[in-house]
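Chemist: Sharing a structure here in C-alpha cells format.
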Amino acid sequence: MVDATPHAEQGVPPAEVPELELYHPKSWWTTYVFSQDAKVIAIQYSGTAIAIGLVALVLSWLMRLQLGFPGTFDFITPEAYYQFMTMHGMIMVIYLLTALFLGGFGNYLIPLMVGARDMVFPYVNMLSYWIYLLAVLVLVVSFFAPGGPTGAGWTLYPPQAILSGTPGGQSAGIILMLVSLILFIIGFTMGGLNYVVTVIQGRTRGMTLMRMPLTVWGIFTATVMALLAFPALFVACVMMLFDRLLGTSFFMPALVEMGQQLSYGGGSPILFQHLFWFFGHPEVYIVALPAFGIVSDLISTHARKNIFGYRMMVWAIVIIGALSFIVWAHHMYVSGMHPWFGFFFATTTLIIAVPTAIKVYNWVLTLWRGDIHLTVPMLFALAFIVTFVNGGLTGLFLGNVVVDVPLSDTMFVVAHFHMVMGVAPILVVFGALYHWYPKITGRMLNEGMGQFHFWVTFIGAYAIFFPMHYVGLVGVPRRYPELGDAAFVTDSVHTLNAFITVAALIVGFAQMVFLFNLLWSLRYGREAGGNPWRATSLEWQTPTTPPPHGNWGDERPVVYRWAYDYSVPGAQQDFIAQNDPGPQRAGVRPA
Amino acid sequence: MAVALILVLVVVGSILFHILSPWWWSPIASNWNYIDHTLVITFWITGIVFAAVVLFMAYCVFRFRHREGVKADYNPENKKLEWWLTIVTAVGVAAMLAPGLYVWSQFITVPDDATEVEVVAQQWQWSYRLPGEDGRLGKSDSRLVSYENPLGIDPDDPNGQDDVVIEAADLHLPQDKPVKMLLRSIDVLHDFYVPEFRAKMDMVPGMITYFWFTPTRTGTFEVLCAELCGTGHSYMRGFVVVDTDEDYEAWLEGQSTFAQLSAPSTLGSADGVEP
Ligand code: HEM
Ligand SMILES: [Cu+2]
Ligand SMILES: [Cu+2]
C-alpha cells in the first residue's frame, strides 16, 4: 500500500524518485497488460472467466442436444459426451464462478469498498492473474491433446479417472487437467492472500469490520474458506498425478482392468473422495457466499432500505462458512464409507439450513416496507431468491441421508446443484454486472436489452431445471448420455427431455444478447455519472468515474457510518454515503 | 405489477406441475416405502416454505414498489422476529431430520435372517454369486481374477466351492425374503441401482460394501449403474427377477457352482494368477 502523502520514514533514506512516480505505471504495457492495479486485474480475470465460461456454455448445449434428441448427433459419442460433461462442470465451477467472484468481483470491489488504494500486494496480485490464465490455457490445450480432455466427471474419481476405460485416462487428458488445477490453486492462493490481508489491514479510517458492506464480508469469508479448502484438492491432484505417472497407489487398490491385473495395490479410492469433497463442499459456499453478500447489497440499494438484520447476516455468513467444513461427506452417503457417518453428516448438513434460511428471511424482510425500484439488478436479485430458495430446499432432500439414497446420482442431483450453485449465483453475477458496470465504464447498460436478458434467463433457467428434478425422481441416473430402453422410463420422459433442451438453447441465446449489450453500451450506453443508483457504499463516492489508479485522488475517504443508511428519517436524501460526516445519525445501528 | 404476477405464477406453476405432471417415481418393489414416506414429508415441508417465501416476496414487490413521495421504513433489526424465525426453522428442520435418521438406522441394520447375495461389478457388466448349500460365501480377491475365475473366488476356501456363480446374466431373488447385497468391484467404482428397490450403494474396488432390502413383489426390474465407470457406464444394464418360491427354486436348479465351473480343467492351475 502506497500512501498518497509519502514521507521518508525515520532511518530510511529518501527515495530518489518520489514514491508516487514509482507507484503509477509508465507504459501502455504496465497500464493495461502487466498491470498491478486491482481494477485492471479484475477486468482481466472477468474477461478470461467469461471467455472460458462461454466454452462451458456451448458444451452444455451439445450435452443437451444429445439428451433431448439421442441418436441424432453422430459426433456426440459417449466418449465425447463425458468429455463435454467433465469440462463443462469443471469450467463452470472453478474457472468461471470461482475466478469471477473472487478474482473478478473481489479485485474490483474489495479495495474500493473498504477505502483502500489497491490490494496490499499488487505485484503478487498481478502474478495471480497470469498464473490463472496459464491454468486456463493448459485446460484449453487438453481439448486438442491426443485422446482429448478427460471424461472422468468433474469429480475425477479414481480409479477410473486414470484408467483406459475413461476418455483421457491413459492419454494426456487427465494429466493436463490435474496440472491445470494445480496451477489454478497456486494462482488463486496468491490472489486470495491479497484479498484477506487487504480486508484485514487495508481498510480506511472509520471502516470497522461491522461497517463493511456484506459484499466484502461474503467475498472475504469465501476467500478464507478457499484458502483452507483448496489445499485438500491440491494434494489430491498431486497424489493422483503420482498414481498416474509414477505408479504409486495412493488411491489405487489391486484391480483388474479389462482382464489385465494392474500393478497397483493397497490404495483407497474413498480417500480421494474425502479429499475432494473436503474441498468440494466448501467450494459450493465459496461460490455462494460472495453471491449472498452481493445480493444483499443489491436488494438494500434498490429497495432503498437498510439490509434487515445486518449483524445476523454477518454472523450467518461466518457460521455457514465454518459449518461448511464439517458437512462434506453428505456427498458420500452411498459411497461405501462407514454408514454411521451418515448420522453425523446428515445432522450437520441440516443444521446449516438454519443460518441459510435466516439469510433468506432477511432478504425478503428487507423488501418489506421498502421503496422497491424494479431495476434490472433488482430483478436479478429477486430471481436469485426464487432459485436459491428452490435449490436450497431440494438440498434438504439430498442432505437427509436416507432420502438421498434413492435420489443420489440421479438427475435430481443435477437439477438441485444447477439451481443452487449454477443458476442462483449466475443470476447474482448478472445483477452485479448491471449494478457495477456504470462504475467500471462510466456508462449504463442498455435497459431494454437488460429486461429481455433477465426475463428469458430467469424463466428459461427455471424451465430447464425445475422439471429436471422430476426426471431424476423417475429414476434417470445422471451422467447418462443415452437412456436407451428401460421400463421405468416412459415416452413422456423423452418429451420432457426434448423440452428442457429447447429451453436450454433459448437461454443460451439470451446470453449472446447480454454479451452484445456489454460491448454496445461501452460506446452507446447512457452516461452514468458517479453514483447512478444513489448508493451509500464507498465505491460510489470516488472522485472520478471510472476510478483511476489509486482510486481516491489525494485523500482516502473517512468512514462515519455503516453501508446501509437508506431512507434515514429526517435526512434530506434517501441515502447517506458512508463517508458523509453529516449530523443525521439514525438511531439503532451497529457501530 | 407484472413482476409480482409472474412470481405468483412461478409458485402456482410449480405446484401444478408437481400435482399434474406424469413424472413420479416408479411403483415400489421393496420394503423401503419408509423412504418414500420421508420423501413425501420433505416435499410437503419444503413446498410450503417455497410457496410462502415467494408469495411473500410477490406481495412485497406489489405493495412496496416505488411510488413518488413514499419513503422506505428504517428498521435495522428486530431481535424478536429474528429469533422466532430461527426457532420455527429449527423445528421444521428437526421434523425432517428425525424421521430421516430413524429410517437410516433401519436402512443400515441388516436383519439376522437376511441371505447374502454378492454382486460383482466390472466394466461394464454385472455378475452375481449366491452362497450355495452351506449358506456361506467363499473368500475372494481381485488378484485371483482370471479368465477361468472371473469373480476371483479363492479356490482354496472350501466355503467357496458350492457358491453359485452367475456370470453376466440375470439375478433371481425370492419374494419376501430379506437379502443382504454384498457389493464388490474388481476394477473401478460402480453403483448397484434398481429404481424400484429405492436402495443403492457404490461398489468400491478393494472393499465390500452392502445394503439390504426385501423384495415385495414379483417382476423383472432393471439394474442400472449409478456411478460413473467409464464410457460404457450407461450401457451397464442387467435385470433382477423377483420370483415366487417355486419359480426361484426352479431357476436355482439350473445354475452352476464354482466347483462345477472350474472342474476339471482349471482347478488348481495357476494360470493368469499373479501372486
Ligand atoms: C443453461 C445453463 C446450463 C445447462 C443447460 C447445463 C447443462 C448440464 C448438463 C446437461 C449436464 C450433464 C448432466 C449429466 O449428464 O449428468 C451438466 C453437468 C454439470 N453442470 Fe451444467 N449446465 C448449465 C449451467 C451450469 C452452471 C452455471 C454450472 C455452475 C455451477 C454448472 C455446473 C455443472 C456441473 C458441476 C456438472 C456436473 C458435471 C459432472 O457430472 O461431472 N452448469 N450441466
Ligand atoms: Cu456439499
Ligand atoms: Cu457405471
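Chemist: Highest mean first, what order results for A:543-553, A:144-154, A:387-397 on Cβ atoms within 10 Å?
Modeler: Highest-to-lowest ranking by the protection proxy: A:387-397, A:144-154, A:543-553.
Chemist: In whole angstrom, how long is each semi-axis of the equivalent ellipsoid of the stretch A:447-591, when you take the square root of 5 times every eigenvalue of its Cα gyration tensor and sort them from largest down? Display every interim value, and only then the final one.
Modeler: Working: eigenvalues 487, 91, 38 Å².
With the √(5λ) rule applied to the stretch A:447-591, the semi-axes are 49, 21, 14 Å.
Chemist: Debye calculation, C-alpha points only, no solvent: report log10 I(q)/I(0) for the stretch A:120-260 at q = 0.12, 0.13, 0.15 Å⁻¹, in the same order as the q values.
Modeler: Debye intensities relative to I(0), on a log10 scale: -0.60, -0.67, -0.80.
Chemist: Nearest 100 Å² is fine: how much accessible area is buried between A and B, summed over both sides, with a 1.4 Å probe?
Modeler: Numbers: alone 23960 and 17020 Å², together 31800 Å².
Approximately 9200 Å² gets buried when A meets B.
Chemist: When averaged across all projection directions, what area in nm² does the alpha-carbon convex hull of the stretch A:263-381 cover?
Modeler: Computed as one quarter of the Cα hull surface, the answer is 9.3 nm².
Chemist: Same structure again: Structure shown: which of A:Lys359/B:Lys71; A:Lys39/B:Lys71; B:Lys139/B:Lys177 lie over 28 Å apart, alpha-carbon to alpha-carbon? Before the final figure, lay out the partial values.
Modeler: On the way: A:Lys359/B:Lys71 24 Å; A:Lys39/B:Lys71 35 Å; B:Lys139/B:Lys177 24 Å.
Distance filter (> 28 Å) returns A:Lys39/B:Lys71.
Chemist: Express the Stokes-Einstein translational diffusion coefficient of the stretch A:305-443 in µm² s⁻¹, to the nearest whole number, given a Kirkwood radius over alpha-carbon pairs, 10 °C and a viscosity of 1.306 mPa s.
Modeler: Approximately 95 µm²/s, per Stokes-Einstein.
Chemist: Roughly how many whole Å is it from the C-alpha centroid of the stretch A:450-488 to that of the stretch B:106-175?
Modeler: 38 Å
Chemist: So if R0 is 22 Å, what FRET efficiency would A:Ala51 and A:Gln170 give, r being the distance between their Cβ atoms, rounded to the nearest 0.05? The partial results should precede the final answer.
Modeler: Numbers: r = 30 Å, r/R0 = 1.37.
The computed FRET efficiency comes out at 0.15.
Chemist: Could you work out how far apart the two model spin labels at B:Thr244 and A:Asp554 are, taking each label as a point 7 Å from the Cα in the direction of the beta carbon, and quote it in nm?
Modeler: 9.9 nm
Chemist: If you consider only alpha-carbon coordinates, what radius of gyration and Dmax does the protein assembly as shown have, in Å?
Modeler: 29.1, 100
Chemist: For the protein assembly as shown, what does -39500 (n - 2.57) per DSSP helix run (n ≥ 4), summed and divided by total residues, give at 222 nm, in deg cm²/dmol to the nearest 500?
Modeler: -17000 deg cm²/dmol
Chemist: Quick one: accessible surface of B:Val110, probe radius 1.4 Å, all protein chains present, in square angstrom to the nearest 10.
Modeler: Here the accessible area works out near 40 Å².
Chemist: Separate question: What percent antiparallel are the DSSP beta bridges of the protein assembly as shown, to the nearest 5?
Modeler: In the protein assembly as shown, DSSP labels about 75 percent of beta bridges as antiparallel.
Chemist: Averaged across the residues of B:184-193, what count of C-beta atoms belonging to other chains lies within 10 Å of each residue's C-beta?
Modeler: Mean shielding count: 6.
Chemist: Full extension from A:Phe452 to A:Leu271: what is 0.36 nm times the residue separation minus their Cα-Cα distance, to one decimal in nm?
Modeler: 60.5 nm is the gain from fully extending A:Phe452 to A:Leu271.
Chemist: Would you mind giving the mean number of other chain beta-carbons within 10 Å of the Cβ of each residue in B:54-63, as a whole number?
Modeler: 5
Chemist: Same structure again: Work out the mean other chain Cβ neighbour count within 10 Å for the residues of B:232-238 and drop it here as an integer.
Modeler: Working: counts 2, 10, 10, 5, 0, 3, 0.
That average works out to 4.
Chemist: Apply 1/(1 + (r/R0)^6) to the Cβ-Cβ distance of A:Trp130 and A:His24, taking R0 = 25 Å, and write down the FRET efficiency to the nearest 0.05.
Modeler: Computed FRET efficiency for A:Trp130 and A:His24 comes out at 0.75.
Chemist: Kindly state, to the nearest 0.05, the FRET efficiency for A:Met210 paired with A:Ser492, given R0 = 56 Å and r defined as their beta-carbon distance.
Modeler: Given R0 = 56 Å and the Cβ-Cβ separation, E is 0.55.
Chemist: Let me ask another. Among the aspartates and glutamates, which have Cα under 18 Å from the Cα of A:Lys305 when same-chain residues fewer than 8 positions away are ignored?
Modeler: Straight-distance partners of A:Lys305: A:Asp297, A:Asp371, A:Asp565, A:Asp574, A:Asp580, B:Glu68, B:Asp73, B:Glu77, B:Glu82.
Chemist: Obtain the nm distance between the two label points defined at B:Lys71 and B:Ile87 by a simple spin-label model: each point lies 7 Å from its Cα along the Cα-to-C-beta direction.
Modeler: Going from the B:Lys71 label point to the B:Ile87 one covers 3.5 nm.
Chemist: Can you give me the C-alpha center-to-center distance between the stretch A:314-388 and the stretch A:122-166, rounded to a whole angstrom?
Modeler: 30 Å
Chemist: Peptides A:438-446, A:304-312, A:98-106, A:349-357: what's the order by average Cβ count within 10 Å, highest mean first?
Modeler: Going from most to least packed, we get A:98-106, A:304-312, A:349-357, A:438-446.
Chemist: Within the stretch B:115-262, what whole-number % of the accessible surface is contributed by carbon and sulfur, with the 1.4 Å probe and all protein chains included in the calculation?
Modeler: Answer for the stretch B:115-262: carbon and sulfur cover 49 percent of the accessible area.
Chemist: When the accessible area of each residue in the stretch A:304-319 is compared between its chain alone and the complete protein assembly (1.4 Å probe; ligands, DNA and RNA ignored), which residues differ by at least 20 Å², being lower in the assembly?
Modeler: Residues shielded by partner chains are A:Lys305, A:Asn306, A:Phe308, A:Gly309, A:Arg311, A:Met312.
Chemist: Near the amide H of B:Met236, under 5 Å away, which other amide H atoms are found, from residues 5 or more places off or on another chain, if H is placed in the peptide plane?
Modeler: B:Cys225
Chemist: Kindly express, to the nearest 10 degrees and within the range 0 to 90, the angle between helix A:122-144's C-alpha long axis and the longest C-alpha principal axis of chain A.
Modeler: The answer is roughly 30 degrees.
Chemist: Kirkwood hydrodynamic radius for the stretch B:115-262: how many Å is it when counted over pairs of different Cα atoms?
Modeler: 15.3 Å
Chemist: Students often forget the sequence filter, so: which aspartates and glutamates lie under 19 Å Cα-Cα from B:Lys200 once same-chain residues fewer than 8 apart are removed?
Modeler: Answer for B:Lys200, where 19 Å is the Cα cut-off: A:Asp404, A:Asp409, B:Asp36, B:Glu116, B:Glu118, B:Asp170, B:Asp176, B:Asp187, B:Asp191, B:Glu222, B:Glu227, listed by chain and number.
Chemist: Provide the solvent-accessible area of B:Glu253, counting protein heavy atoms only and rolling a 1.4 Å probe, rounded to the nearest 10 Å².
Modeler: Looks like 150 Å² after rounding.
Chemist: A follow-up question, please. In the stretch B:139-172, what residues drop by 40 Å² or more in accessible surface going from the chain by itself to the full protein assembly, probe 1.4 Å?
Modeler: SASA drop of 40 Å² or more in the stretch B:139-172: B:Ser142, B:Arg143.
Chemist: Could you grab the relative contact order for the stretch B:115-262? Cα pairs under 8 Å, six or more apart, rounded to a whole percent. It would help to have the intermediate numbers written out before the result.
Modeler: Numbers: 356 pairs, mean separation 39.8, N = 148.
Relative contact order for the stretch B:115-262 comes out at 27 percent.
Chemist: Let me ask something else. Quickly work out the A:Phe69-to-A:Val235 label distance, labels modelled 7 Å from Cα along the C-beta direction, and quote it in nm with one decimal.
Modeler: Going by the 7 Å Cα→Cβ label model, 4.9 nm.
Chemist: A:Tyr264: accessible area at probe 1.4 Å, nearest 10 Å²?
Modeler: Surface accessible to solvent at A:Tyr264 totals approximately 30 Å².
Chemist: At 1.4 Å probe radius, can you tell me the per residue accessible area of the stretch B:115-262 in Å²?
Modeler: 35 Å²
Chemist: Need the full-extension length gain, B:Arg143 to B:Ala168, defined as separation in residues times 0.36 nm minus the C-alpha distance. One decimal, nm.
Modeler: Additional length available on full extension: 7.0 nm.
The values are calculated or read from the model by the stated rules, or taken from the named source; none is laboratory data. In this text the structure is predicted, and so the values were computed from the model without any measurement. So basically every Cβ, Gly included, is an ideal-geometry build from the backbone, and we count neighbours across all protein chains shown. Side chains included, ligands, DNA and RNA excluded: accessible areas come from the protein's heavy atoms. Shrake-Rupley method; radii C 1.70, N 1.55, O 1.52, S 1.80 Å.
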